[in-house]
Amino acid sequence: MGVVNRAQAKRMRSGGPDLISRLPDEILGSIISLLPTEQGARTQILSSRWRPLWRSAPLNLEPYGLASGINEDVVSRILTEHRGGARRFKAPPHILHGDPATLDRWLRSPVLNDLQELRLYFPPFALPMRTIPQSAMRVSSTLRIAHFSCCQFAVDAAHRLHFPNLQLLSLLSVSISDDCLHAVLASCLALDKFQLVYCYYISPKPLMPPSTLRFSSTLRVARFGHCQFPDAAALKVHFPNLQYLELRMVTVSERSLHAMLSSCPALNNLILTANFGFRKFMINSLKLKRVEMCFGRSDTEIELEELIVVNAPCLEILDQRGPYVANMHISIVSAPKLKILARLNDNTSRLELGTTVFEGRHAVRVATTMRSVKVLALKLHNLSLHMTINFMKCFPCLEKLYIKTRISTENVELHNSLDRNECLDFHLKKLRIRHYSGKRSHLAFARFFVLNASVLESLVLIIDPEMEESDSWIEKQRRKLQLEKRASIGCEIKFSSVGDSSYHSDIQDLSEPFE
């Protein structure tokens, strides 16, 4: 080994030569522009080389909450002193709670002349609702992304907007007239993503204007919320390139819903949340890969009673959550690529999986095997081992099983059959049970898997936080589970009061499409 001299040792102690600072100003400015506002400003303290860069770098002005320390005065000073242009300007509620004239002055700053992204989040619940300032029109021609939240559009301003380069438009909790909306959308020549969610406290729900559903052949992502879809509009929908569709708190008839979906031949992601107006929903799509459905209860609106997967050759994820009513009927006729199925419920009156039929908790016939399913989530009000094993027979290649039950469950249906089970013997690796109480019924259920799941790698029992603090209770439970006799020597048994019992972690997360 060679001898290290004093100069080399000094460089080694300081981390070596500062190669980044040798980059041209343009590249360093681009690096700074990718940072949040606070961190970008802090680069000035790195060295004299970095000190002037932030004030001339492309600006991303994003105050992240009150904790960031960026208030109205700081924003005004930055816009006054900055010598470069701006790419992004985001104003959250804590910035926009003051005088409307301040926002108007900001938007007129020369720094924002070529703005590409504008996000204005006005304070929610403020009455009267704030109006988008006239000065926003002057930057509309350069914008690629525009978010407006908790505000309203003036008619004269909307008709003068022009968005030739806009790719994403988000109108969240807004009040906008049909004429305004038509004018705004008519100016969007290259729109790729569109979100329109009306104010939830407006009653009755506004009618979706027909022009909204017909305006764009370029649209790939759409979200509509808190509105009504009139049949006349929905039946004329045509979104030839739409790949992602989300409906939130929408009232739509069965006829209109199916007509809308049939007009989206490229659709592969469908999210339905708290929608009403239809009793039957049929999935019949050649390209749909993911369906998430979450329904609530209503005393006044028509609720979902029947879900039928008729033909879905590409469907991989079916996540159905509620309404958990006794008369619910679910049927999966053809979904050969289905990998994740959630959340089947023991309150469902009839469940058909091919030719396998469940009526309530009882299997009438177990004939079909769906070997593609790897993840299953169950909501069992009455913990039933017999029902669970019948599901494993139907899904013999199941690898992950998530069960949510009730803490108060006392009676559990056990399983006395000694028949070999392919899922238990060769595939089941992960089991999560939420609301595990340690009572005899829950203990017997968990112990069955400890003693019979040959390749189980992880068993997580989600318990009450008070139980987690009791080492003696947990040690007693571990003894009763007979861990020394476990079928899988490498299985890890964990008692936890938080997290990792949700099947959502196994669903490939879609990034928020409007961020």
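Here are the numbers for the structure shown:
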{"item": "Positions within region 416-457 being hydroxyl-bearing (Ser, Thr, Tyr), over 13 Å from SER488 (Cβ atoms) and outside any helix (DSSP H, G or I), in sequence order", "result": "SER417, TYR436, SER437"}
{"item": "Unique residue being modelled with pLDDT of 70 or more, on the phi < 0 side of the Ramachandran plot and out of contact with any strand residue (DSSP E or B) (no Cβ under 7 Å at 6 or more places or on another chain) when the list is HIS82, HIS94", "result": "HIS94"}
{"item": "Of residues in region 128-151 being within 18 Å of LEU172 (Cβ to Cβ) and among the aliphatic types (A, V, I, L, M), the one farthest from the chain's Cα centre (by Cα)", "result": "ALA136"}
{"item": "Hits in region 168-178 - residues which are out of contact with any Ser or Thr (no Cβ under 7 Å at 6 or more places or on another chain) and buried (at least 19 other Cβ atoms within 10 Å of the Cβ)", "result": "LEU168, LEU169, SER170, LEU171, VAL174, ILE176"}
{"item": "Segments classed as strands (runs of 3 or more DSSP E), wholly inside region 267-358, with at least 2 members that are charged (D, E, K, R)", "result": "290-294, 317-321, 350-353"}
{"item": "Condition broken by ALA86, with the remaining ones in (1) of a type in the set (Gly, Ala, Ser); (2) open to solvent by 40 Å² or more (accessible area, probe 1.4 Å); (3) closer than 16 Å to SER141 by Cα satisfied", "result": "(2)"}
{"item": "Residue under evaluation VAL174, criteria (1) assigned to a strand (DSSP E or B); (2) modelled with pLDDT of 90 or more, criterion not met", "result": "(2)"}
{"item": "Some residue of region 151-158 being open to solvent by less than 30 Å² (accessible area, probe 1.4 Å), of a type in the set (Phe, Trp, Tyr) and touching a Lys or Arg at 6+ places or on another chain (Cβ under 9 Å)", "result": "no"}
{"item": "Positions within region 441-470 being free of Cβ contacts under 8 Å to residues at least 24 places away in the same chain and open to solvent by 40 Å² or more (accessible area, probe 1.4 Å), in sequence order", "result": "GLU466, GLU469"}
{"item": "Region 104-150, subset open to solvent by 20 Å² or more (accessible area, probe 1.4 Å) and touching a His at 6+ places or on another chain (Cβ under 6 Å), residue farthest from LEU196 (Cα to Cα)", "result": "SER141"}
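Yes/no matrix, rows are residues, columns are (1) touching a Gly at 6+ places or on another chain (Cβ under 9 Å); (2) surrounded by fewer than 21 Cβ atoms within 10 Å (Cβ to Cβ); (3) modelled with pLDDT of 95 or more:
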residue	(1), (2), (3)
LEU304	yes, no, no
VAL309	no, no, yes
TYR324	no, yes, no
ALA335	no, no, yes
ASN347	yes, yes, no
ARG350	yes, yes, no
GLU359	no, yes, no
ARG406	no, yes, no
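The values are calculated or read from the model by the stated rules, or taken from the named source; none is laboratory data. All values reported here derive from a predicted model rather than from experimental measurement. As a convention, Cβ positions derive from the backbone with ideal geometry for all residues, glycine included, and neighbour counts pool all protein chains shown. Areas reflect the complete protein model, heavy atoms only, side chains present, ligands, DNA and RNA absent. Shrake-Rupley method; radii C 1.70, N 1.55, O 1.52, S 1.80 Å.
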